[in-house]
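For reference, the structure discussed in these notes is given below.
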Ligand code: FNR
């Protein structure tokens, strides 16, 4: 018997959990240390309820939004995720196809299993590129410059520089399950992987397991080398001058990803960024960092009308998107939710997850009596309990 098609992000999560070996699941779905920050992203959404007004409105005619100078059909983009080929061999290319089919955009990670050039060649849209500031053998700036040039040459329009990884977060869950560089494969782990027959078949057949942007040529033998180079990328000495230097070299829209404090948002805007992404890396970096929804209002106030504010972390429902927009986000990004869809059904699964978001946003706004995304603001939110206003 085949399982029924999931009807929610949670449904895709359950299916993905069953499809993936434990090691891979620990990489995708867990966070750092206590995981308080990862859970906190979800809890912050639950602390708000929405207002509802009856009998006065029309359903929204469109959910179209402008982000990074582009029109998207809904205010949801795909966050950059590394090593996505571990979850499904089509990896970042499958994610980009799913985004295109839903009329939105994906952000390609520096540590992707499909290269900058492969994703550009395999898609219609120009997608967006995420840069981990590079600190390879010949220095931080030349490594970063090389990646920026490659992305520019094949038409990526916007750049997202991720600044919340001066070192890798302490992800104990994946460490305990052998997801290091190199991975530690015990007999029990190999047995667990082999039980996931479809995953194992595709893994052996396609071997999309190395971070190809960082290698001269791909291939499975290079996987460990690529992951080691990835760890070598992280540069705790990166500073705002480096970001300014990158801004000056990138002609298109430029975003700083991983902002939680309004002063940092102000600095990013002062050096010429077009916007920021309020993010704690899905609770994978600093454990005990604030929930992104809690950090959003002050960051949105700091950015003001000068630029765009995106938010990611724990967005699992259309109502979450609505709450983020009420508090000043232009749009949101989803990380794990699209990986669940990808793990279950490749590009079609990614598209299905985005369609679930679209339907949920549309239905939520209709039930609230909101005719347009532009009408959302803090007055549509109330505390989850207590008399409020
Ligand atoms: C990430 N994230 C991430 N961010 C980034 O800038 N570059 C990267 O390579 C990655 N890699 C990555 C891998 C995996 C498996 C996950 C789950 C996440 C963080 C990502 O862009 C985003 O900030 C979070 O995923 C958002 O939180 P949710 O939606 O996963 O809760």
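The values are calculated or read from the model by the stated rules, or taken from the named source; none is laboratory data. Fair warning: this is a prediction, and the values are worked out from it, not measured in the lab. Cβ atoms come from the backbone with ideal geometry, glycine included; neighbour counts cover every protein chain shown.
For the reader, a short list of remarks on this structure follows.
- In region 291-307, the residues that are away from the ligand (no atom under 16 Å from the Cβ) and in contact with a strand residue (DSSP E or B) (Cβ under 6 Å, 6 or more places away or on another chain): 300, 303, 307
- Filter result (more than 10 Å from the ligand (Cβ to nearest atom) and farther than 18 Å from residue 279 by Cβ) within region 69-89: 69, 70, 71, 72, 73, 74, 85, 88, 89
- Residue check: residue 285 meets all listed conditions (1) farther than 28 Å from residue 7 by Cβ; (2) out of contact with any helix residue (DSSP H, G or I) (no Cβ under 6 Å at 6 or more places or on another chain); (3) more than 14 Å from the ligand (Cβ to nearest atom) but one, namely (3).
- The test for being part of a loop (DSSP other than H, G, I, E, B) and either within 15 Å of the ligand (Cβ to nearest atom) or buried (at least 24 other Cβ atoms within 10 Å of the Cβ) (or both) does not hold for residue 144.
- Considering 320, 345, 312, the condition of being surrounded by 15 or more Cβ atoms within 10 Å (Cβ to Cβ), without any contact (Cβ under 8 Å) to a residue 12 or more places away in the chain and either closer than 23 Å to residue 70 by Cα or more than 14 Å from the ligand (Cβ to nearest atom) (or both) is satisfied by 345 alone.
- Single match in 92, 118 (criterion: touching a residue at least 12 places away in the same chain (Cβ under 8 Å), within 14 Å of the ligand (Cβ to nearest atom) and at negative phi): 92
- Among the residues of this structure, residue 26 does not count as one that is modelled with pLDDT under 95, under 26 Å from residue 193 (Cα atoms) and within 12 Å of the ligand (Cβ to nearest atom).
- Selection within region 12-24 - within 19 Å of the chain's Cα centre (by Cα) and either without any contact (Cβ under 8 Å) to a residue 60 or more places away in the chain or loosely packed, with under 14 Cβ neighbours inside 10 Å (or both): 17
- Filter result (modelled with pLDDT of 90 or more, surrounded by 16 or more Cβ atoms within 10 Å (Cβ to Cβ) and more than 22 Å from the chain's Cα centre (by Cα)) within region 158-191: 177, 189
- Any helices (runs of 4 or more DSSP H) falling wholly within region 288-369 and containing at least 2 residues that are at pLDDT 95 or above and closer than 17 Å to residue 259 by Cβ: 292-303
- Hey, residue 106 within 14 Å of the ligand (Cβ to nearest atom) and either closer than 24 Å to residue 369 by Cα or within 18 Å of the chain's Cα centre (by Cα) (or both) or not: yes
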